[in-house]
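Colleague: Quick one: the structure is below, and I'll ask about it shortly.
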Amino acid sequence: MKIVVCIKQVPDTKGGVKFNPDGTLDRGAMLTIMNPDDKAGLEAALRLKDQYGAEVTVLTMGLPKAEEVLREAMAMGADKGILVTDRVLGGADTWATSQTLAGAIRNLEYDLIITGRQAIDGDTAQVGPQISEHLGIPVISYAQKIEIEGDSVIVERQFDDRYHVLKAKMPCLITALAELNEPRYMTPGGIFDAYDADITVWGRANLVDVDDSNLGLKGSPTQIAKASDKVRKGAGEKVTLDPTEAVDYIVEKLKAKHVI
Amino acid sequence: MDFMLDKKHEMARTLFKEFAEKEVKPLAQEVDETEVFPRGTVEKMAKAGFLGIPVPKEYGGQGCDPLTYAMCVEELSKVCGTTGVIVSAHTSLCCDPIQTYGTEEQKQKYLVPLAKGEKLGAFGLTEPGAGTDAQGQQTKAVLDGDEWVLNGSKIFITNGKEADIYVIFAVTSVVTDAKGRSKKMISAFIVEKGTPGFTFGTKEKKMGIRGSSTYELIFTDCRIPKENLLGQEGKGFGIAMHTLDGGRIGIAAQALGLAEGALERTIEYVKERKQFGRAIGAFQNTQFQIADMATKVQAAQYMVYRAAMAKATQKTYTVEAAQAKLYAAEVAMEVTTKAVQLHGGYGYIREYDVERMMRDAKITEIYEGTSEVQRMVISSALLK
């Protein structure tokens, strides 16, 4: 089985967020981590590898620095890493990103593509399903459990109050939730091997069946009008009351603020 | 010497730090308070490959260098001195001598499960009358047919009751030198837990590193196979000294971690703690103390890393290891003591980590060669 896992290097929110003048993130200036949903997707792929045997390729689009997140994934157990990086790809929204990743994946053999549900820097949850659309394969989103049965995957898709069990023939794409699993740690030896390994670097020229008009900032239908750091909420007010008094108290507060 | 770490070492540090914060720190206070060996943490470390970091991959290890191993002990000790010494004793004092002196059969049988973390290791040299003076050994081993018969006891053994495989030293003969003085010939042996005649004595109640299992090992007509002799007969003293050279790097890293941990806690504390309407970090005395602590910690880190790198590249690194251990241990004691002082009354309370760190730091000036022994080692190399 061949599994492609799409991962993204995202800002570590502990380190603060910095913006470029055009409102996009200044990714080069921020501390970074592997996007948590993607890490769960990688862990799911590595568990399938442990259980059924598989070759796991990790794919990312980003600055040259995004190579770090591929090495981290390889230190956890991924077999190959591919970095798609090119100046013309910068400033991509979800449409241009999914076009880019699909263009890269068209070079690869795969039975399963796993992406995270969404990235903590964009929170769109669009890229995974869009990739499946470009590639013309089924998608099962919000996976909380993944199993393989013959040439199909059986996935529990999470909802607020229930889950659906869906079965799809491979190849297909799954978007994973951070709650799917507890990702394993890298191993020290895995880190050394990951830094001895070669990372495949692709640019615009390596993307298959993608038009220039769908790439980078120019190919992005969504443009950022304005971006600002989130204003921190105050500490709030904490009161200890019995339930009846608490309801009255909250209702009074909401009335005072003209919410109700 | 390169003062910048390369990317793989930086990533390894990220791993050790993340593991320490998530898995070790939340238990540190409880481990100290209850004196219970953190078995669950050891199992997690085994899974993550932390119990065979410098061991080659063909023997089940991670194939990394001594620097990566030292960084692991450092990061673990930053949050829990007990966890740091468990890894250090296992790796430096048990895996290393088997890797260095073991036969291929011994490596396959013992080193592989040790490096994979399936088994835990320990080292038994110290006896009631033989601490700094290793020649004072009383434990004896006599060859009887195809077996060595061990009699005697070892004290203050780290990972004592929790280990599975032990490297044990015993007197195998007494010879007379050219000046007519008798000299004990010491040999090293690999002993498995569960061997008849091998039992445990008292569990030590310690000032610090209270979760580490420190026991007396007792050998009463304990018969081990002849092939469990480690290295050559009579060469055990050299094996012990070489092993301790490596062990000192592990303990130096533990001391460094304790100092760094105490410094981090203190920096957080002095920014928050207000007296006379100001954070105490705004007072010059505090600032100068912090500056001195941080400078010494940085110097200690360079010395520890230098010793670890020397182990990777040099045949002997006795002086580097002794200097790193001497300095890092004394810095650990000084910095943790200052950390308690800067915390004031709170520093004396067990809820605050620096109280535990100060107790943990003291042992680094004592075990695997006291600071006085390190001075002897360093000066004897310079004055020979």
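Colleague: Calculate the spin-label point distance for B:D133 paired with B:M4, positioning each point 7 Å from the Cα along the beta-carbon direction, and give it in nanometres.
Modeller: Each label point lies 7 Å from its Cα, and together they span 5.2 nm.
Colleague: Going by how many other beta carbons lie within 10 Å of each one, how would you line up B:V85, B:V377, fewest first?
Modeller: Values: B:V85 28, B:V377 22.
With the fewest neighbours first, B:V85, B:V377 line up as B:V377, B:V85.
Colleague: Write down, largest first, the equivalent ellipsoid semi-axes of chain A in whole Å, where each equals the square root of 5 times an eigenvalue of the alpha-carbon gyration tensor.
Modeller: They are 35, 25, 19 Å, listed largest first.
Colleague: Shifting gears a bit: Can you pull the one-decimal nm distance between simple spin-label points at A:N107 and A:Q223, each 7 Å off the Cα toward Cβ?
Modeller: Taking the simple label geometry, A:N107 and A:Q223 are separated by 3.1 nm.
Colleague: Cα axis of helix B:318-343 to longest principal axis of chain B: angle in degrees, 0 to 90, nearest 10?
Modeller: Helix B:318-343 and the main axis of chain B meet at about 40 degrees.
Colleague: Report the gain in length on full extension from B:K274 to B:K57: 0.36 nm times residue separation, minus Cα-Cα distance, nm rounded to one decimal.
Modeller: The span from B:K274 to B:K57 would gain 72.9 nm if fully extended.
Colleague: A further question on this structure: Can you pull out the trypsin sites (Lys or Arg not before Pro) in region A:171-254 whose DSSP state is coil and whose Cβ has at most 16 other Cβ atoms within 10 Å?
Modeller: A:K218, A:K226, A:K230, A:R232, A:K233, A:K238
Colleague: Residue by residue through region B:258-274, what is 3J(HN,Hα) from phi via Karplus (6.51 cos²θ - 1.76 cosθ + 1.60, θ = phi - 60°)? Round to whole Hz and write x for glycine and proline.
Modeller: 4, 5, 5, x, 5, 5, 4, 4, 5, 4, 4, 5, 5, 7, 8, 5, 10
Colleague: Restricting attention to region B:261-334, which chymotrypsin sites (Phe, Trp or Tyr not before Pro) occupy a DSSP loop and are surrounded by at most 13 other Cβ atoms within 10 Å?
Modeller: For chymotrypsin sites (Phe, Trp or Tyr not before Pro) across region B:261-334 that sit outside H, G, I, E and B with at most 13 neighbouring Cβ atoms in 10 Å, the list reads B:F276.
Colleague: Continuing with the same structure: Quick check: pseudo-label points 7 Å beyond the Cα along Cα→Cβ at B:F283 and B:K22, how many nm apart are they?
Modeller: 4.0
Colleague: For region A:1-57, what relative contact order do you get, as a whole percent, if you take Cα pairs closer than 8 Å and at least 6 residues apart?
Modeller: Values: 66 pairs, mean separation 27.4, N = 57.
Over region A:1-57, the number comes to 48 percent.
Colleague: Right, here's the next one. Exposed loop GluC sites (Glu not before Pro) only (DSSP loop, at most 10 other Cβ atoms within 10 Å): please give the longest stretch of chain A free of them, not including the sites.
Modeller: Free of exposed loop sites, the longest segment is A:110-236.
Colleague: Let me ask something additional. Hey, what did chain A get for relative contact order, percent, Cα under 8 Å, at least 6 apart?
Modeller: 25
Colleague: How compact is region B:1-48 by the rule of thumb for globular proteins, expressed as Cα Rg over 2.2 N^0.38 Å?
Modeller: 1.47
Colleague: When the C-alpha atoms of the protein assembly as shown are aligned to their principal axes, what extent does each axis show, in angstrom, from largest down?
Modeller: For the protein assembly as shown, the Cα spread along each principal axis is 94, 67, 54 Å.
Colleague: Using alpha carbon coordinates only, what is the Rg to Rh ratio of region A:1-104, with Rh defined as the Kirkwood radius?
Modeller: That ratio is 0.99, to two decimals.
Colleague: Could you work out the percent of alpha carbon pairs in region B:245-299 separated by over 15 Å, rounded to a whole number?
Modeller: For region B:245-299, the fraction of Cα-Cα distances above 15 Å is 54 percent.
Colleague: Once amide H atoms are built 1.01 Å from N in the peptide plane, which residues 5 or more positions from B:C64, or in another chain, come under 5 Å H to H?
Modeller: Distant-sequence amide H within range of B:C64: B:V55.
Colleague: In whole Å, what are the extents of region B:233-384 along the principal axes defined by its C-alpha atoms, from largest to smallest?
Modeller: On the principal axes, region B:233-384 reaches 67, 25, 25 Å in Cα extent.
Colleague: Could you give the spread of the C-alpha atoms of region A:178-257 along their three principal axes, from largest to smallest, in whole angstroms?
Modeller: 65, 43, 23
Colleague: Also, quick follow-up: I'd like the distance separating the alpha-carbon centroids of region B:260-331 and region A:37-78, in whole Å.
Modeller: 37
Colleague: R0 = 30 Å: FRET efficiency of A:Q51 with A:T200, Cβ-based, nearest 0.05? Each step should come with its number before you reach the end.
Modeller: On the way: r = 26 Å, r/R0 = 0.88.
That pair, A:Q51 with A:T200, gives E of 0.70.
Colleague: Here's another thing I want to ask about it. In peptide A:176-187, how many Cβ atoms from other protein chains are near each Cβ within 10 Å, on average?
Modeller: Per residue, the average neighbour count from other chains is 3.
Colleague: Looking only at region B:197-226, which residues have a backbone nitrogen under 15 Å from a spot 7 Å from the Cα of B:T103 in the C-beta direction?
Modeller: Output list for this probe position: B:224-226.
Colleague: Still on this structure, I have one more. Can you give the angle from 0 to 90° between the axis of helix A:36-52 and the longest principal axis of chain A, with both taken from C-alpha atoms, to the nearest 10?
Modeller: 50
Colleague: Which residues in region A:27-43 have a backbone N closer than 19 Å to a point placed 7 Å from the Cα of A:M1 along the Cα-to-Cβ line?
Modeller: A:38-43
Computed from the coordinates by the stated procedures, all read-outs in this text should not be read as laboratory data. Bear in mind that the values here come from a model prediction, so they are computed numbers and not experimental data. Cβ sites come from the backbone with ideal geometry, for glycine too, and all protein chains shown count toward neighbours.
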